[in-house]
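Asker: Before I ask anything, here is the structure I am working with.
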Amino acid sequence: MIEQLLLEKTREAVRVIYGQEISAELIGFEKTKKEIEGDFTIVVFPLLRISRKSPEATAHDLGEYLKTNIDWIREYIIIKGFLNITLKESFWLEFLGGNWNEPDYGLQQTRDEQPVIVEYSSPNTNKPLHLGHIRNNLLGFSLGKILEANGFRVIKVNLVNDRGIHICKSMLAYMKWGNGETPESSGMKGDHLVGKYYVLFDKQYKEQVRALKESGLQEDEAEKQAPLLMEAQEILRKWEARNQETFDLWRMMNGWVYKGFDETYNHLGVRFDLVQHESSTYLSGKDLVMKGLEQGLLNQKDDGSIWADLKDEGLDEKVLLRADGTSVYMTQDLGTAQLRYNELNPLKMIYVVGNEQIYHFDVLKIILKKLGCEWSDRIFHLSYGMVELPHGKMKSREGTVVDADDLMEEMYQTAEKTTRELGKVNEFSDDEATNLFSMIGLGALKYFILKVDPKKNMLFDPAESIDFTGNTGPFIQYTYARIQSLLRKAESAGLSLQATGPVPRVFETERPAARSPQPAVISLKPVETSILKMLYAFPQTIRQAGAEYSPARIANYAYELAKEYNTFYQEIPVLKEENRKMAETRLLISAFTGEVIKRSMSLLGIEVPSRM
RNA sequence: GGCCCCGUAGCUCAGCUGGAUAGAGCAACAGCCUUCUAAGCUGUGGGUCGUGGGUUCGAAUCCCGCCGGGGUCACCA
């Protein structure tokens with residue numbers, strides 16, 4: 001890596017010239033700003049104490065030393081305290097020749113035995129997926145890919161929230177008012193059908209609460225005493241006692257939901273390596289709690305409920321088992337974490353869960369530690385912000401929830417409409433066209449969501465998300481399609497990429513003018529070095545995205561690269577170039593850029609079309 | 001009220017471990033299709049980086065106070 005060489009040589013220069021050993025952190029080292037001539041910049045201000053010279057003089061000392069000691073440096077320019085170093089073109093050309101066809105460029109080989117677990121999605125089986133889940137799924141899936149690109153063995157886990165009082169509510173409503181309706185008989189997708197009964201429960205329950213209040217009860221009393229809630233609680237007890245009838249109904253309704261979810265996941269293009277169900281992990285949580293109680297780490301109240309006292313940690317008490325012995329959300333998560341640790345011994349357990357649960361995960365880690373699980377440090381909660389709509393938050397009871405299936409369908413249709421209007425698919429078969437609309441619609445949706453920093457709340461404006469111009473997924477896809485088209489045209493024009501060889505001869509000709517009898521055969525324009533610099537930064541970008549768990553970094557990188565390429569594309573007609581070697585070089589730049597765009601988009605779970 | 005997160009152009013967002021004149025897109029306006037795909041490109045206008053202090057040669061970035069917005073503090077998940 002040239003950066004390390006520059007850094008090392010700079011330290012050496014300080015040692016030789018000023019006689020002092022310095023740490024690398026003292027050297028301000030960065031890529032040169034775009035508007036300024038140069039490739040890399042050394043900021044000398046921090047070194048002034050050592051050099052005891054002016055910024056300019058210090059930069060000059062270092063610049064001279066580096067230039068005489070590093071072959072790749074062509075020249076340096078000093079602006080105030082900034083030493084801007086320009087590399088020879090041969091550096092970039094050699095980089096291009098050596099990597100454009102490298103199938104693993106930027107990607108690390110899997111090196112870790114211990115896996116990283118990425119849990120995401122984690123749906124409840126009582127209602128269909130909505131826009132919030134979409135952000136979750138896209139983040140989790142992309143994060144998994146990014147970590148894999150960083151050489152981790154990743155296990156993507158979906159923890160299905162298939163038990164608990166909320167599930168019993170939709171079951172109860174179905175028992176009361178379902179009349180044996182099924183997805184087949186109603187023509188509804190299974191998850192939507194079950195969701196319908198959950199909503200129905202909520203409506204009837206609110207009605208009961210209202211009636212009770214009118215008969216003189218306090219609000220909180222009314223909420224607790226509403227017959228529907230008590231019936232639901234009864235179902236939960238029956239379920240935990242493995243009552244056959246309850247269990248069969250539960251299994252049937254969950255089956256419908258899974259089928260519906262699978263459809264949505266397939267459509268969205270996300271995958272899991274492992275699906276866990278809370279119904280089969282919560283018992284482990286109960287065990288953990290009972291053990292903790294025996295060891296005196298937890299305490300039991302008079303009514304029989306079991307609690308963790310977290311006052312020493314500055315938090316409150318937390319219930320872990322209800323008085324009737326049934327478990328709560330926290331109990332399940334304790335059990336799930338324990339099982340994962342025992343069975344997979346992960347390097348890290350990443351939970352992709354909304355930021356409204358930050359407190360929950362803080363508590364989870366503390367309780368685990370309290371129970372003697374030192375590995376709780378390996379838990380990392382990747383919390384992401386809420387998705388807001390132009391008119392405010394999504395609220396199911398106000399009907400402002402954006403359904404995942406509806407949204408994807410809408411994106412598809414807009415993609416189809418726009419694409420047809422532009423006359424892009426006149427020569428496509430039906431299958432090809434359908435496939436393209438899907439790629440574009442989903443590409444737009446995914447990119448729109450992933451380009452935003454996960455931790456921030458984001459605004460989802462349907463009108464804007466459906467725009468395909470500017471900083472959007474389709475813009476990047478379009479750039480890729482153009483590159484592919486260019487490569488096809490080049491081939492039929494007799495310009496073959498492979499014929500140029502891995503490192504074309506032309507790359508070896510560039511030498512300092514003084515020692516070379518002939519001028520360099522080719523020379524790069526600013527746009528071209530600019531693209532090459534970006535391509536050079538790809539591996540580093542992946543590392544940063546991995547370290548920060550940030551798909552947004554990849555998304556913004558892909559856009560910058562595509563934008564840069566479009567400028568190039570507009571300014572420099574490759575196929576019109578008279579110098580054949582120059583034309584070939586530019587083809588390589590195009591091919592390489594296409595590859596990196598494709599890989600970046602793949603890390604976001606976005607497909608790119610070869611024509612559009 | 002305690003704790004956590006956010007505040008950058010009219011709108012949506014970038015801005016890497018502090019560095020040079022704070023960047024894109026959308027929207028507005030003006031250009032570019034006998035030229036490798038115009039879902040594109042070029043140009044113009046638009047900013048006291050919420051605010052007041054502090055640290056520093058240097059702050060959108062780090063620290064503290066305040067203001068504004070959101071989240072959370074359930075025997076819901």
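The values are calculated or read from the model by the stated rules, or taken from the named source; none is laboratory data. Just so you know, these numbers come straight off a predicted model, no measurement behind them. Quick reminder, even Gly has a Cβ in these numbers, built from the backbone with ideal geometry, and neighbours come from all protein chains shown. SASA here: full protein model, heavy atoms, side chains in, ligands and nucleic acids out. Shrake-Rupley method; radii C 1.70, N 1.55, O 1.52, S 1.80 Å.
Asker: Six or more apart or on different chains, Cβ under 6 Å: which pairs go from a residue in region A:530-556 that's in contact (Cβ under 8 Å) with a residue 12 or more places away in the chain and among the polar types (S, T, N, Q) to one that's part of a helix (DSSP H, G or I) and open to solvent by 10 Å² or more (accessible area, probe 1.4 Å)? Could you list them?
Answerer: Pairs found: A:530/A:564; A:541/A:557.
Asker: A further question on this structure: Would you be able to say whether some residue in region A:268-276 is within 13 Å of RNA strand B (Cβ to nearest atom) and charged (D, E, K, R)?
Answerer: no
Asker: Go through region A:313-328 and count every residue that is open to solvent by less than 30 Å² (accessible area, probe 1.4 Å) and either farther than 19 Å from residue A:293 by Cα or among the β-branched types (Val, Ile, Thr) (or both).
Answerer: 2
Asker: Residue check: is residue A:440 within 26 Å of residue A:384 (Cα to Cα), in contact with a Pro (Cβ under 9 Å, 6 or more places away or on another chain) and surrounded by 20 or more Cβ atoms within 10 Å (Cβ to Cβ)?
Answerer: On the way: within 26 Å of residue A:384 (Cα to Cα): yes; in contact with a Pro (Cβ under 9 Å, 6 or more places away or on another chain): yes; surrounded by 20 or more Cβ atoms within 10 Å (Cβ to Cβ): yes.
Criteria met by residue A:440.
Asker: If you don't mind, another one. Go through region A:308-421 and tell me which strands (runs of 3 or more DSSP E), entirely inside it, have 1 or more residues that are more than 26 Å from residue A:157 (Cβ to Cβ).
Answerer: On the way: elements: A:317-321, A:348-354, A:379-384.
In region A:308-421, the matching strands (runs of 3 or more DSSP E) lie at A:317-321.
Asker: Can you pull out every residue in region A:152-183 that is of a type in the set (D, E, K, R) and either away from RNA strand B (no atom under 13 Å from the Cβ) or within 26 Å of residue A:350 (Cβ to Cβ) (or both)?
Answerer: So in region A:152-183, the residues of a type in the set (D, E, K, R) come out as A:153, A:156, A:162-163, A:169, A:176, A:181.
Hits for region A:152-183 are A:153, A:156, A:162, A:163, A:176, A:181.
Asker: Look through A:438, A:429 and report the one residue that is farther than 13 Å from residue A:609 by Cα, more than 8 Å from RNA strand B (Cβ to nearest atom) and either in contact with a helix residue (DSSP H, G or I) (Cβ under 9 Å, 6 or more places away or on another chain) or not acidic (Asp, Glu) (or both).
Answerer: On the way: A:438 fails: farther than 13 Å from residue A:609 by Cα.
Criteria check complete, one pass: A:429.
Asker: Still on this structure: For the list (1) under 30 Å from residue A:105 (Cβ atoms); (2) among the hydroxyl-bearing types (Ser, Thr, Tyr); (3) over 39 Å from the mean Cα position of the chain (by Cα), I need the number of the one condition that residue A:32 fails.
Answerer: Single failed check for residue A:32: (3).
Asker: Check region A:329-343 and report whether any residue there is crowded, with 18+ Cβ neighbours inside 10 Å and farther than 26 Å from residue A:163 by Cα.
Answerer: There is no residue in region A:329-343 that is crowded, with 18+ Cβ neighbours inside 10 Å and farther than 26 Å from residue A:163 by Cα.
Asker: Please specify each residue of region A:357-383 satisfying the condition of being open to solvent by 30 Å² or more (accessible area, probe 1.4 Å) and either more than 10 Å from RNA strand B (Cβ to nearest atom) or closer than 21 Å to residue A:343 by Cα (or both).
Answerer: The answer is A:365, A:366, A:369, A:370, A:372, A:374, A:377, A:378, A:380, A:381.
Asker: Next question, about the same structure. Could you say which residue among A:352, A:275 is under 30 Å from residue A:442 (Cβ atoms), surrounded by 16 or more Cβ atoms within 10 Å (Cβ to Cβ) and at pLDDT 95 or above? Quick ask: steps written out before the conclusion?
Answerer: Values: A:275 fails: surrounded by 16 or more Cβ atoms within 10 Å (Cβ to Cβ).
Result of the check over A:352, A:275: A:352.
Asker: Would you please list the contacts, defined by Cβ atoms under 6 Å and residues six or more apart or on different chains, that run from a residue in region A:179-199 that is at pLDDT 95 or above to a residue that is open to solvent by 70 Å² or more (accessible area, probe 1.4 Å)?
Answerer: From region A:179-199, the pairs are A:190/A:259.
Asker: OK, next. In region A:27-73, which residue that is basic (Lys, Arg) and either closer than 21 Å to residue A:530 by Cα or touching a residue at least 60 places away in the same chain (Cβ under 8 Å) (or both) is farthest from RNA strand B (Cβ to nearest atom)?
Answerer: Going through the qualifying residues, I end up with A:34.
Asker: Something else about it: State the number of residues belonging to region A:60-78 that are within 14 Å of residue A:9 (Cα to Cα) and open to solvent by 50 Å² or more (accessible area, probe 1.4 Å).
Answerer: Step one: filter region A:60-78 for residues within 14 Å of residue A:9 (Cα to Cα), giving A:61-73.
Keeping just the survivors that are open to solvent by 50 Å² or more (accessible area, probe 1.4 Å) gives A:64, A:67-69, A:71-72.
Of the residues in region A:60-78, 6 are within 14 Å of residue A:9 (Cα to Cα) and open to solvent by 50 Å² or more (accessible area, probe 1.4 Å).
Asker: Could you grab me the full set of residues in region A:412-435 that are open to solvent by 70 Å² or more (accessible area, probe 1.4 Å) and aliphatic (A, V, I, L, M)?
Answerer: Of everything in region A:412-435, just one residue is open to solvent by 70 Å² or more (accessible area, probe 1.4 Å) and aliphatic (A, V, I, L, M), namely A:422.
Asker: Restricting the search to region A:564-581, which residues are near RNA strand B (Cβ under 6 Å from one of its atoms), in contact (Cβ under 8 Å) with a residue 12 or more places away in the chain and open to solvent by 20 Å² or more (accessible area, probe 1.4 Å)?
Answerer: A:566, A:567, A:569, A:575
Asker: The conditions are (1) touching a strand residue (DSSP E or B) at 6+ places or on another chain (Cβ under 6 Å); (2) open to solvent by less than 20 Å² (accessible area, probe 1.4 Å), and residue A:124 fails exactly one of them. Which is it?
Answerer: If we test residue A:124 against (1) touching a strand residue (DSSP E or B) at 6+ places or on another chain (Cβ under 6 Å); (2) open to solvent by less than 20 Å² (accessible area, probe 1.4 Å), just (2) comes out false.
Asker: Which condition breaks for residue A:463 when tested against (1) in a loop (DSSP other than H, G, I, E, B); (2) open to solvent by 40 Å² or more (accessible area, probe 1.4 Å); (3) of a type in the set (A, V, I, L, M, F, W, C); (4) modelled with pLDDT of 80 or more?
Answerer: Of (1) in a loop (DSSP other than H, G, I, E, B); (2) open to solvent by 40 Å² or more (accessible area, probe 1.4 Å); (3) of a type in the set (A, V, I, L, M, F, W, C); (4) modelled with pLDDT of 80 or more, only one is false for residue A:463: (1).
Asker: Go through region A:445-483 and count every residue that is farther than 17 Å from residue A:557 by Cβ, among the hydrophobic types (A, V, I, L, M, F, W, C) and within 8 Å of RNA strand B (Cβ to nearest atom).
Answerer: Number of matching residues: 5.
Asker: Need pairs with beta-carbon distance below 9 Å; first residue on the phi > 0 side of the Ramachandran plot and within region A:261-287, second open to solvent by 80 Å² or more (accessible area, probe 1.4 Å); sequence gap 6+ or separate chains.
Answerer: A:269/A:607
Asker: Let me ask something additional. Quickly run through region A:79-89 and pick out the residues that are surrounded by 18 or more Cβ atoms within 10 Å (Cβ to Cβ) and either aliphatic (A, V, I, L, M) or under 20 Å from residue A:590 (Cβ atoms) (or both).
Answerer: Within region A:79-89, A:83, A:85, A:87, A:89 qualify.
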